[in-house]
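Contents: one structure, followed by commentary.
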Amino acid sequence: MNQLKQILHWTLRFIPAIIMVQTLWFKFTGAPESIYIFETVGMEPWGRYGSGITELIAAVLLVIPSKSVYGAVVGMGVIGGAIFFHLTKLGIEVQHDGGQLFILAVVTFVCCAIVAFQERKTLMRLIS
């Protein structure tokens, strides 16, 4: 059972890290879809670059075992912003993507939340 928990914990850390890293290409190369999103929310180009850098930091922290709780919290913050904009300005479906970006954001947020919960003792020590 312990090995299964370990595999699950690593999986919950790698899924959001991979999702966040995968989106960096679009943010940093100025893909039209990414520019559209950040223009719509009024944060182009600095919001695009800033969220990309923040997602990169979160992804790196998530895969470092001793720092993964920090990556989870940072990931929840940046992806929480993405979910907020999907629900307020962008809509669930963006440029006929079938809601794929929204679903990836929710998956990322949930995985980060579970990691933060699993490592809540580390987080509580930091807060104390």
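Within segment 59-92, the set of residues being in contact with a Phe, Trp or Tyr (Cβ under 9 Å, 6 or more places away or on another chain), in contact (Cβ under 8 Å) with a residue 12 or more places away in the chain and within 19 Å of residue 34 (Cβ to Cβ) comprises 75, 79, 80, 82, 83, 86, 90.
Give the residues of segment 84-99 that are of a type in the set (Phe, Trp, Tyr) and either surrounded by 15 or more Cβ atoms within 10 Å (Cβ to Cβ) or more than 16 Å from the chain's Cα centre (by Cα) (or both), sorted by residue number. Across segment 84-99, the qualifying residue is only 85. Restricting 81, 50, 71, 75 to those that are within 30 Å of residue 127 (Cβ to Cβ), out of contact with any helix residue (DSSP H, G or I) (no Cβ under 6 Å at 6 or more places or on another chain) and surrounded by 15 or more Cβ atoms within 10 Å (Cβ to Cβ) reduces the list to 81. For residue 56, the requirement of being surrounded by 14 or more Cβ atoms within 10 Å (Cβ to Cβ), over 23 Å from residue 5 (Cβ atoms) and either aromatic (Phe, Trp, Tyr) or under 12 Å from the mean Cα position of the chain (by Cα) (or both) is met. Please determine whether any residue of segment 91-103 is assigned to a helix (DSSP H, G or I), out of contact with any helix residue (DSSP H, G or I) (no Cβ under 7 Å at 6 or more places or on another chain), under 14 Å from residue 24 (Cα atoms) and among the β-branched types (Val, Ile, Thr). No: segment 91-103 contains no residue that is assigned to a helix (DSSP H, G or I), out of contact with any helix residue (DSSP H, G or I) (no Cβ under 7 Å at 6 or more places or on another chain), under 14 Å from residue 24 (Cα atoms) and among the β-branched types (Val, Ile, Thr). For segment 100-119, taking the residues that are exposed (fewer than 15 other Cβ atoms within 10 Å of the Cβ) and free of Cβ contacts under 8 Å to residues at least 12 places away in the same chain, the one that is farthest from the chain's Cα centre (by Cα) is identified as 117. Taking the listed residues 23, 40, the one that is surrounded by 14 or more Cβ atoms within 10 Å (Cβ to Cβ), of a type in the set (Val, Ile, Thr), over 15 Å from the mean Cα position of the chain (by Cα) and over 30 Å from residue 125 (Cα atoms) is 40, with no other qualifying.
Taken over segment 1-46, the criterion of being of a type outside the set (A, V, I, L, M, F, W, C) and within 29 Å of residue 119 (Cα to Cα) is satisfied by 2, 3, 5, 6, 9, 11, 13, 16, 22, 23. Is it the case that residue 33 is more than 19 Å from residue 107 (Cα to Cα), crowded, with 16+ Cβ neighbours inside 10 Å and either of a type outside the set (A, V, I, L, M, F, W, C) or touching a residue at least 60 places away in the same chain (Cβ under 8 Å) (or both)? Judged against the criteria, residue 33 is not a match.
All of the numbers you see were taken from the coordinates with simple rules; none came from a lab. None of these values were measured; they are calculated from a predicted model. As a convention, Cβ positions derive from the backbone with ideal geometry for all residues, glycine included, and neighbour counts pool all protein chains shown.
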